[in-house]
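Take a look at the structure below.
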Amino acid sequence: MRECFIYIVDDNEVTSQSLAFFFESFGYKTKVWTDPVLFINSLKSLTPIGCIILDIRMPKMNGLEVFAQLKEEGNKLPVIFLTGHGDVKMAVRALKNGAFDFLLKSPDENELVDVVQRAIALSEDLKFKSDKVSYNQKRLSTLTDREKDVIILVGKGMMNKNIADVLQISEKTVQQHRGSACRKLNLTNAVEIAEFLRGCREY
């Protein structure tokens with residue numbers, strides 16, 4: 001498994017250090033912030049694999065505000081709320097907004113470890129998918145503009161003749177661009193092309 005961290009954000013230093021010690025006893029690496037603003041300012045230093053354990057009631061920024069900022073910054077790490085001041089309404093709001101889980105202090109230790117393990121597994125999956133998208137986009141960038149035009153239309157299920165009409169070029173030219181693009185991308189048919197383009201996200 002690639003390097004991962006459990007990031008703990010809780011203004012109660014005793015609680016945060018206790019959590020860090022608990023997870024480190026299972027072999028996890030941890031980092032602790034008792035100031036949510038300092039945590040937000042450190043987002044660029046976080047690894048993409050791991051999870052965030054976030055308190056609700058904190059000075060300067062509460063946990064929900066921190067969570068909103070994480071989403072705004074595009075951080076994909078799963079967030080587990082762990083608070084002593086939560087209620088059902090707050091939990092529903094957090095989960096609807098994309099939180100991984102919402103737990104009350106002090107949770108069952110086995111439950112807490114299980115939630116964290118699942119959150120880390122999710123972060124690994126998201127990182128794998130992100131890497132695959134980046135790789136596919138890099139491959140796509142090797143095509144000329146016209147090869148890309150042709151391939152995108154092939155991926156939408158269009159035949160060469162229809163592509164020629166849309167792009168106002170000959171069918172033979174479409175075949176040439178399609179063949180060249182397939183060689184560069186190591187693809188052989190329309191099904192593979194469509195699957196590849198889905199892996200490029202924006203197409």
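For region 38-85, what is the charge dipole size about the Cα centre, in debye to the nearest 20, if Lys and Arg each add +1 at the Cβ and Asp and Glu each add -1 at the Cβ? Don't skip to the end; give the middle numbers.
Details: 5 positive and 4 negative charges, 10 e Å.
The dipole of region 38-85 has a size of about 40 debye.
At a Förster radius of 45 Å, what calculated FRET efficiency corresponds to the Cβ-Cβ distance of Thr188 and Lys44, to the nearest 0.05? List each step's numbers first, then the result.
Working: r = 41 Å, r/R0 = 0.91.
Given R0 = 45 Å and the Cβ-Cβ separation, E is 0.65.
Within the chain, which complete DSSP H helices have Cα atoms spanning at least 20 Å along the helix axis and a mean Kyte-Doolittle hydropathy of -1.0 or higher? Let's see the in-between values first.
On the way: long enough: 109-140 (46 Å, -0.64); 171-185 (21 Å, -1.34).
Result, helices passing both filters: 109-140.
Using per-residue counts of other Cβ atoms within 10 Å, averaged over each peptide, order 29-35, 3-9 from highest down.
Sorting 29-35, 3-9 by mean packing, highest first, produces 3-9, 29-35.
Using helices alone, I'd like the mean residue ellipticity at 222 nm for the chain: each DSSP H run of four-plus residues gives -39500 (n - 2.57), total over residue count, nearest 500. Can you show the working numbers first?
Values: 9 runs with 112 residues, N = 203.
So the calculated ellipticity at 222 nm is -17500 deg cm²/dmol.
How large is the charge dipole for the chain, taken about the Cα centre, if only the Cβ atoms of Lys, Arg (+1) and Asp, Glu (-1) carry charge, to the nearest 20 debye?
Details: 28 positive and 27 negative charges, 233 e Å.
I would put it at about 1120 debye.
Among the lysines, select those whose C-alpha is under 27 Å from the C-alpha of Lys71, and discard any that sit fewer than 8 residues away in the same chain.
Result set, ordered by chain and number: Lys29, Lys31, Lys44, Lys60, Lys89, Lys96, Lys105, Lys127, Lys129, Lys132, Lys138.
May I ask you to derive the relative contact order of region 96-203, considering only C-alpha pairs under 8 Å and at least 6 residues apart, and to give it as an integer percent?
Details: 61 pairs, mean separation 32.4, N = 108.
Averaging sequence separation for qualifying contacts and normalising by length gives 30 percent for region 96-203.
Given +1 on the Cβ of Lys and Arg, -1 on the Cβ of Asp and Glu, and no further charges, what dipole in debye does region 142-198 carry about its Cα centre, rounded to the nearest 20?
On the way: 9 positive and 7 negative charges, 17 e Å.
With only Lys, Arg, Asp and Glu charged at Cβ, the dipole is about 80 debye.
Below 8 Å, C-alpha to C-alpha, sequence gap of six or more: please give me the relative contact order for region 142-198 in percent. Don't jump to the answer; show the numbers that get you there.
Details: 44 pairs, mean separation 25.9, N = 57.
Across region 142-198, relative contact order equals 45 percent.
Would you pull out the residues with amide H under 5 Å of Phe5's amide H, same chain only if 5 or more places away, H placed 1.01 Å from N?
The list, which skips near neighbours in sequence, is Ile49, Gly50, Cys51.
Give me the percent relative contact order of the chain, please, defined on Cα pairs under 8 angstrom at least 6 residues apart. Walk me through the numbers before you get to the answer.
Details: 255 pairs, mean separation 31.1, N = 203.
For the chain, the relative contact order is 15 percent.
Please report the spacing between the Cα centers of region 166-187 and region 1-78 in Å, no decimals.
Here the two parts' Cα centres lie 49 Å apart.
Of the listed values [x] 17.7; [y] 19.8; [z] 18.6, grab the one calculated as Kirkwood radius over Cα pairs in Å from the structure here.
From the options [x] 17.7; [y] 19.8; [z] 18.6, the structure gives [y].
Within straight cross-link reach of Lys161, meaning Cα distance under 17 Å, which lysines are found once same-chain residues fewer than 8 apart are removed?
Lys148, Lys172
Computed from the coordinates by the stated procedures, all read-outs in this text should not be read as laboratory data. Treat the numbers as computed from the prediction; the structure is a model and nothing was measured. All Cβ positions, even for glycine, are placed from backbone atoms using ideal geometry, and neighbour counts span all protein chains on display.
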